[in-house]
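Enquirer: Got a structure here, written out as structure tokens. Questions coming.
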Amino acid sequence: MGTPTRTSIDDPEKEEQKLDTLAQDVEKGTEEVTLQRTISGPPYSIFTPRMKIWIIFLVSVSALISPFGATLFYPVLNVLSDELGVTPTKTNVAITTYMIAQAIAPALIAGMSDASGRRLSFIICFFIFIAANIGLALQTNYVALLLLRCLQAFGCSAAIALTIAVVADISTSAERGTYLGYATSGILFGPAFGPTIGGILAQYLGWRSIFWFLAIFAGVLLVIFVFFFPETCRAVVGNGSIPPTGVNRSIFSYLQERRRRQESISDEEGAPPPEKRKFTFPNPLMTLRILGEKESCILLLYNGLFFTGMMVVSAALPDLFKDAYGLDELKIGLCYIAVGTGCLVSSLTMGHVVDWNFRRHAALNNMPITKGKQQDLRNFPIEKVRLQVGVPGHVIGTAALIAFGWMVKYKTHIAGPEIALFFMGFGTSTAFNQTNTLLIDLHRHQAATATAAINFVRCLMSAAGCAAIIPMCHAMNPGWAFTLLGLVYAVLISVVFWIMKNGMRWRLESEEKKRATQDGH
């Protein structure tokens, strides 16, 4: 009876009750509410700024295994076709199977991480990825290549979902744009330099060295995460004040707990004693449930379809540049630097623009921002805040995609397609990151599951696109193939304005239905 009740944001039920009360007060016209739209209580995360930087750095580097697993492979597509005695189209199937597995795997691992912790999920991913790459380095036939590529994707694809989930664990909506930008810079570093590294390895050490490199890289990450990565999952450690146990506990967590005991911080914040947590078996249906929500479903379809453009260009580039410019594996690998650099520039700069736009709209809506406290977004136009920044990226990415196709078709100087690749990477990444951030805002208590839904949709769409793009280029030439895709994107931008106009209303209606369902039970 005397146990203090926890009312911090890491308790979802208490938070929802508080939000309901705030919403009712708003409907009654209470003036005080406009000054109390930041939820009171302990800080959203007790991790220090320096510790947050360390966490973001680790997850950013860990997320490299996904794009590295995909893109180091690109420069040797032609070599593998000759080595295994299959056509380039069949070799491209290895990309398709990889993406299909990449779509399914996060639905299993990400759901587990939302309930049982991020550390265990990361460790499982690294073990699977290492085993798959050792197998790929030793395989000698086409069927083994396809099967092991699926296992490789299963091991690395959840890393992206986990990375974005960790950002949601430790950052509020007001600062999430910047943190997510830095965290995803690792994801986008892969497309920038992965093919170059793959080309160098293939040129001087043979194509098998690519997979040995990936196995060693993941092994180093495994050691670092086992010893030095703290648990951040809010279902396990709350805002960081609940001491983790078992596999959730790292050396850092032990040292942090020891220091906090010395400083008596635990008593002041009223953190409860650690609980023994049961392992939660992954439920992939949680990912599909997000697809059943109106606003989230539209966002996911838009996100996946627009991202497919960059993936099909990456998959087709070796074949297109070999025919148009006669480049070898190393030079083809170097050509990917342009698109990856565009992604990286967007990730490092546009996050600050997103947070600036959040502050601008907060001022317009009389919503004060308290550092370290999560804002009540119920009656805040978060859709408009995020997607306003994504619209210019959509336009730039679409124009660059069409320009790329025609310059390759007419075999202009290679500088032309490379410039187009840079702007395509910048534009696509800008739009993609804003929809990702918005989806996390809508599902911040299930961040990994929401990101798994993003992965599920974009990977299935990209798999279909990668399988079709080379036959399309041969049938109608690269110019018309990419123009057709660009026209689809020109129509698709209307979806962005549709969500900005109606998103908040859909969100409130969805919350009302959930509340009515709960009251009915």
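The values are calculated or read from the model by the stated rules, or taken from the named source; none is laboratory data. For clarity, every value in this text was computed on a predicted model and none was experimentally measured. Note that each Cβ is placed from the backbone with ideal geometry, even for glycine, and that neighbours are counted across all protein chains shown. Accessible surface areas use protein heavy atoms only, side chains included; no ligands, DNA or RNA. Shrake-Rupley method; radii C 1.70, N 1.55, O 1.52, S 1.80 Å.
Enquirer: Kindly indicate whether any position in segment 106-117 is farther than 15 Å from residue 155 by Cα and either outside any helix (DSSP H, G or I) or at pLDDT 80 or above (or both).
Expert: Yes, the conditions are met somewhere in segment 106-117.
Enquirer: Let me ask something else about it. Looking at 66, 62, can you tell me which residue is under 18 Å from residue 151 (Cβ atoms), open to solvent by less than 20 Å² (accessible area, probe 1.4 Å) and out of contact with any Pro (no Cβ under 6 Å at 6 or more places or on another chain)?
Expert: 66
Enquirer: Which of the following residues is within 22 Å of the chain's Cα centre (by Cα) and more than 23 Å from residue 454 (Cα to Cα): 124, 109, 130, 134?
Expert: Working: 124 fails: more than 23 Å from residue 454 (Cα to Cα); 109 fails: more than 23 Å from residue 454 (Cα to Cα); 134 fails: within 22 Å of the chain's Cα centre (by Cα).
The unique qualifying residue is 130.
Enquirer: I need the helices (runs of 4 or more DSSP H) fully contained in segment 150-255, keeping only those with at least 2 residues that are of a type in the set (Gly, Ala, Ser), touching a Ser or Thr at 6+ places or on another chain (Cβ under 9 Å) and over 26 Å from residue 112 (Cβ atoms). Walk me through it before giving the result.
Expert: Working: elements: 158-170, 176-205, 208-228, 234-237.
Counting at least 2 such residues, we get 176-205.
Enquirer: Could I ask something else about it? Only residues that are farther than 22 Å from residue 458 by Cα and more than 17 Å from the chain's Cα centre (by Cα): list them for segment 145-171, please.
Expert: Answer for segment 145-171, where residues must be farther than 22 Å from residue 458 by Cα and more than 17 Å from the chain's Cα centre (by Cα): just 145.
Enquirer: Can you confirm whether segment 314-333 contains a residue that is hydrophobic (A, V, I, L, M, F, W, C) and under 21 Å from residue 186 (Cβ atoms)?
Expert: Looking through segment 314-333, none of the residues is hydrophobic (A, V, I, L, M, F, W, C) and under 21 Å from residue 186 (Cβ atoms).
Enquirer: Touching a residue at least 60 places away in the same chain (Cβ under 8 Å) and over 22 Å from residue 487 (Cα atoms) - does that describe any residue in segment 393-408?
Expert: Checking segment 393-408: not a single residue is touching a residue at least 60 places away in the same chain (Cβ under 8 Å) and over 22 Å from residue 487 (Cα atoms).
Enquirer: Which of the residues spanning segment 481-503 are more than 21 Å from residue 308 (Cα to Cα), of a type outside the set (Gly, Ala, Ser) and open to solvent by less than 60 Å² (accessible area, probe 1.4 Å)?
Expert: Within segment 481-503, 500, 502 meet the criteria.
Enquirer: Same structure, new question: For the condition acidic (Asp, Glu), over 30 Å from residue 376 (Cβ atoms) and either surrounded by fewer than 24 Cβ atoms within 10 Å (Cβ to Cβ) or at pLDDT 85 or above (or both), what is the one hit in 175, 83?
Expert: So the residue among 175, 83 that is acidic (Asp, Glu), over 30 Å from residue 376 (Cβ atoms) and either surrounded by fewer than 24 Cβ atoms within 10 Å (Cβ to Cβ) or at pLDDT 85 or above (or both) is 83.
Enquirer: Just name the residue that is surrounded by the most Cβ atoms within 10 Å (Cβ to Cβ) out of those in segment 325-348 that are out of contact with any Phe, Trp or Tyr (no Cβ under 9 Å at 6 or more places or on another chain) and of a type outside the set (Phe, Trp, Tyr).
Expert: 334
Enquirer: Going through segment 364-388 one residue at a time, which ones are within 30 Å of residue 339 (Cβ to Cβ) and surrounded by fewer than 23 Cβ atoms within 10 Å (Cβ to Cβ)?
Expert: Within segment 364-388, the subset within 30 Å of residue 339 (Cβ to Cβ) is 382-388.
Result: 382, 384, 388.
Enquirer: On to the next question. Search segment 445-463 for residues that are without any contact (Cβ under 8 Å) to a residue 60 or more places away in the chain and pair each with any residue that is crowded, with 24+ Cβ neighbours inside 10 Å and not in a helix (DSSP H, G or I) when their beta-carbon atoms are under 9 Å apart and the residues are at least 6 apart or on different chains.
Expert: Qualifying pairs under 9 Å: none.
Enquirer: Here's another thing I want to ask about it. Return yes when residue 463 is among the aliphatic types (A, V, I, L, M), crowded, with 22+ Cβ neighbours inside 10 Å and either farther than 27 Å from residue 173 by Cβ or in contact with a helix residue (DSSP H, G or I) (Cβ under 6 Å, 6 or more places away or on another chain) (or both) and no when it is not. Steps first, answer last, please.
Expert: Numbers: among the aliphatic types (A, V, I, L, M): yes; crowded, with 22+ Cβ neighbours inside 10 Å: yes; either farther than 27 Å from residue 173 by Cβ or in contact with a helix residue (DSSP H, G or I) (Cβ under 6 Å, 6 or more places away or on another chain) (or both): yes.
Spelling it out, residue 463 is indeed among the aliphatic types (A, V, I, L, M), crowded, with 22+ Cβ neighbours inside 10 Å and either farther than 27 Å from residue 173 by Cβ or in contact with a helix residue (DSSP H, G or I) (Cβ under 6 Å, 6 or more places away or on another chain) (or both).
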